[in-house]
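The values are calculated or read from the model by the stated rules, or taken from the named source; none is laboratory data. Note that the coordinates shown come from a computational prediction; the quantities given were computed from them, not determined experimentally. Cβ atoms come from the backbone with ideal geometry, glycine included; neighbour counts cover every protein chain shown. Accessible surface areas use protein heavy atoms only, side chains included; no ligands, DNA or RNA. Shrake-Rupley method; radii C 1.70, N 1.55, O 1.52, S 1.80 Å.
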Amino acid sequence: MLALALKPSKSLLMIRYALIVAAIGQFLVPALPNLIGLGTPIGDAARADYGGFPPEQPAGIAFAIWGVIFSFYAAFALAALLGTNETLRRVGAPLAAAGLFNMLWMFSAQTINLQLLNFALLFPIAYFAFRAANAFESVRGMGGTPVKLIADAATGLLSGWITVALAISVPLTIRTLTGLGASDYPWQMLFLTLATAAFGAWVFTTYVSRSLWYFGALGWGVACIAINNWFTTGMHPLAVTAAGAAILILRWRLTRDTNSVKASPLWT
């Protein structure tokens, strides 16, 4: 009877395998263009489509954060493979779904590269990432363990960076639908990006989680928009505006009372 009680259920085994597949796939898929020549790296495709690097996009260094996110994700998948606890049970399923959709999004962006499809695929990633972060929030106060640190980082960083991805994809989608070039309406596109990022931050903090990791990823993305405009586009006023927005977003989180998160039917 004890052996039966300790044996993982089929659903838990499926979640473990899905996490491992997503953990490996998220490292592998971005490397396919260089490994076997399948597709075009996402950043290169964007520059080719719009005749340059739009001012609302972050500098190339920003995307190094994917390596950090994937590493925490892989650590969580390994922890789930080796054992089970309440954190793994609650966070595993939505985080696995977010990772699998992320693989699909990256593969689509590198091969099919239709902006409307790329934009649409970001929403399920964001939904499941936010859901995973909210699931972790339910166990945040139940003591500290290395697995909980990993889960907090994996869910918070992924949620924050997908917010950045959505924010910068809104003007890219508008450019696609209207035929605008990389340098058209720079202020309007920047403000649209920053407004989307700020709205995502408000939703996350109010209804999802108190995670500081989220704001680390979001702040990094917005700061790299400032770097792009200072060093690449040469639009220094836009760079100062983006840098100010990054400071305001981080200051808002650090000074806001986040003792509780409002319940939302989206995460139940």
Length-normalised contact order for segment 44-156 - Cα pairs under 8 Å, 6+ apart - percent: 35 percent
Percent RCO, i.e. relative contact order, over segment 99-170, from Cα pairs under 8 Å lying at least 6 residues apart: 35 percent
Where the Cα pairs of the chain fall when distances are cut into 5 Å bins, in %: 1, 6, 13, 17, 18, 16, 13, 8, 5, 2, 1, 1, 0, 0
Protein accessible area in segment 10-114, 1.4 Å probe - carbon and sulfur %: 70 percent
Chain lengthening between residue 14 and residue 104 when straightened (0.36 nm per residue, less Cα-Cα): 30.5 nm
Helix runs (DSSP H) in the chain reaching 24 Å along axis by Cα, Kyte-Doolittle at least -1.0: 10-28, 65-82, 86-111, 115-137, 146-178, 186-203, 236-255
Nearest-0.05 FRET efficiency for residue 34 and residue 178, computed from C-beta distance (R0 30 Å): 0.35
Order by protection proxy (mean Cβ within 10 Å, highest first), peptides 16-23, 209-216: 209-216, 16-23
Segment 213-268, Rg to Rh (Cα coordinates; Rh as Kirkwood inverse mean 1/r): 1.17
Cα-Cα separations in segment 51-176 greater than 24 Å, expressed as whole percent: 31 percent
Normalised contact order of the chain, rounded percent, pairs of Cα under 8 Å and 6 or more residues apart: 23 percent
Per residue value of the accessible surface for segment 185-268 (all protein chains in place, 1.4 Å probe), Å²: 52 Å²
Among 182-194, 108-120, the order from most to least packed when residues are scored by Cβ within 10 Å on average: 182-194, 108-120
Range of Cα positions in segment 163-235 per principal axis (Å), largest first: 38, 28, 15
Rg over Rh [alpha-carbon atoms, Kirkwood Rh] for segment 136-196: 1.27
Fraction of accessible area attributable to carbon and sulfur, segment 139-268 (%, probe 1.4 Å): 69 percent
